[in-house]
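The values are calculated or read from the model by the stated rules, or taken from the named source; none is laboratory data. Model, not experiment: these values are computed from the prediction. As a convention, Cβ positions derive from the backbone with ideal geometry for all residues, glycine included, and neighbour counts pool all protein chains shown. SASA here: full protein model, heavy atoms, side chains in, ligands and nucleic acids out. Shrake-Rupley method; radii C 1.70, N 1.55, O 1.52, S 1.80 Å.
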Amino acid sequence: MKRRYKIGLGLLAVVLVFIGVNAYFWFTREPRPLVIAEAGIGGERVNINGLPANFYRGEDGGPRPAILLLGGSEGGLREYRNVFARQLSDEGYAVLYQSYYATSESNRSFNMVPLETLDASLDWLSSNPDIRPGPIAVIGHSKGAEGALLLATRDARVGAVVAAMPSDVVWQGFDFDSIDMSQFASSWSEDGEPVAYLPYQSLAWHEYFSVDAPRFEMFNRSRDMVSDHPDAFIPVELTNTALLLICGRDDTLWPGCRMAEAIEERATTGSDSAVEVLAYDNAGHWAFGPASDIHENDSQTLGRMGGTVDGDVAARLDQWPRILSFLEDTIGSANSGLATVEE
């Protein structure tokens, strides 16, 4: 009995030391750097609603169909997203890669991000002489997909959405440099008020050590509670926007395929939306992005949030022509001269 008691105390001491060491490194680490990459070759820096964006108009100078590109929770502007924007521009599109948070100390948290920033991006594109009149496509990854789907439900100018690793709900806000998430309201705001959101369900302390993917478990368990917060659903059933949803079945960040399938069910039940889901085996949260000429920072993420490097690359290779076909069918292309124009 005494021996088991001593073993128990020893294990408890090890756990407390482990927690203490991790807490020390948490509280003494440097905040995540703010990254605002220059537009680089083929692009120009513009400012929309007080936030930087990179615009790729294309070399031909003629009006082109427009794409609004939204990154994920990395925030700011990243070179690997610039690479993707340039590749889309090479296919005949004018691409606005818009930042919406993590551009300064004042907006470092993903909390109450104004949807008006996304509205202003559409306004800017619609009034730009380099843009061909007609529907605008919005492409978003992860939290950017959440924002893209929200935007489609509030603005009829959005004619197509490519939502990669999407969410069917609005989530509570967060900050990568904070442990206590209870201080955050919605990820998004409208007119200064929080958009209805799904709060996080905390894991028990021992679960952080006993489950394979604690972040996935937290998101998945939180998503189980959506019936208590039905207003958190993104009302995709209220829009006829065409949707292309992309997910990796082995995503270890959040249940993107579960939520993509829920989006498909709601959209096809409540509206005339054309919806397609591309779900990839052996692929994770980074199974989206450039399939060639991959930027070094992007290549380092492959396989890091589920799936494998080969699985993520295979998914990107498969989806690229499908994305182009989807865009051609919904907003056209300057290269083909078949851009859709609203009457």
Could you check the spin-label model distance between Thr153 and Ser182? Points 7 Å from the Cα along Cα→Cβ, value in nm. 2.8
From zero up to wherever the largest Cα-Cα distance of the range 216-343 sits, split into 10 Å bins and tell me the percent of pairs in each. 12, 33, 34, 18, 2
Suppose a student asked you for the relative contact order of the range 146-229, using Cα pairs under 8 Å spaced at least 6 residues apart; what percent would you report? 20
For the range 40-189, what is the percent of antiparallel DSSP beta bridges, rounded to the nearest 5? 40
For a quick check, take a GNM of the chain with Cα springs below 10 Å and name the residue from Leu245, Leu324, Leu77 with the largest mean-square fluctuation. Leu324
Roughly how tilted is helix 256-270, in degrees to the nearest 10 and between 0 and 90, from the longest Cα axis of the chain? 50
Using helices alone, I'd like the mean residue ellipticity at 222 nm for the chain: each DSSP H run of four-plus residues gives -39500 (n - 2.57), total over residue count, nearest 500. -11000 deg cm²/dmol
If you line up the long axis of helix 79-90 against the longest principal axis of the chain, both from Cα atoms, how many degrees apart are they, to the nearest 10? 30
I need the Debye-formula profile for the range 30-139: one equal scatterer per C-alpha, no solvent, reported as log10 I(q)/I(0) at q = 0.11, 0.18, 0.20, 0.24 1/Å, two decimals. -0.32, -0.83, -1.00, -1.39
Just flag the GluC sites (Glu not before Pro) in the range 39-97 sitting in loop per DSSP whose Cβ has no more than 13 other Cβ atoms within 10 Å. Glu59
What FRET efficiency would be calculated for the residue pair Asn49, Ser210, taking the C-beta separation as r and a Förster radius of 35 Å, to the nearest 0.05? 0.20
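How high is the relative contact order of the chain, given as a whole-number percent (alpha carbon pairs under 8 Å, six or more residues apart)?
Values: 728 pairs, mean separation 52.6, N = 343.
Result for the chain is 15 percent.
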Please list, ordered by chain and number, the residues whose modelled amide H lies under 5 Å from the amide H of Arg78; skip anything fewer than 5 residues away on the same chain. Ala37
Whole-Hz ³J(HN,Hα) from phi, Karplus 6.51 cos²θ - 1.76 cosθ + 1.60, for the range 306-315, glycine and proline x: x, x, 10, 4, 4, x, 5, 5, 4, 5
Where the accessible area of the range 230-343 is counted over protein heavy atoms with a 1.4 Å probe, how much of it, in %, is carbon and sulfur? 46
What number comes out for accessible area per residue over the chain if the probe is 1.4 Å? Units Å², please. 46
FRET efficiency, 1/(1 + (r/R0)^6) with R0 22 Å, evaluated for Asp191 and Leu238 via beta carbons: 0.75
Cut-off 13 Å between beta-carbons: net charge of the residues surrounding Val169, Lys and Arg +1, Asp and Glu -1: -1
When the chain is treated as a GNM, springs tying every alpha-carbon pair under 10 Å, which of Thr269, Thr117, Thr241 comes out with the largest mean-square fluctuation? Thr269
Quick check: net charge around Arg316, other residues with Cβ under 12 Å of its Cβ, Lys/Arg +1 and Asp/Glu -1? -4
Please work out the C-alpha center-to-center distance from the range 70-97 to the range 171-185 and express it in whole Å. 27
Cα-based helix-to-principal-axis angle, 2-28 vs the chain, degrees rounded to 10: 40
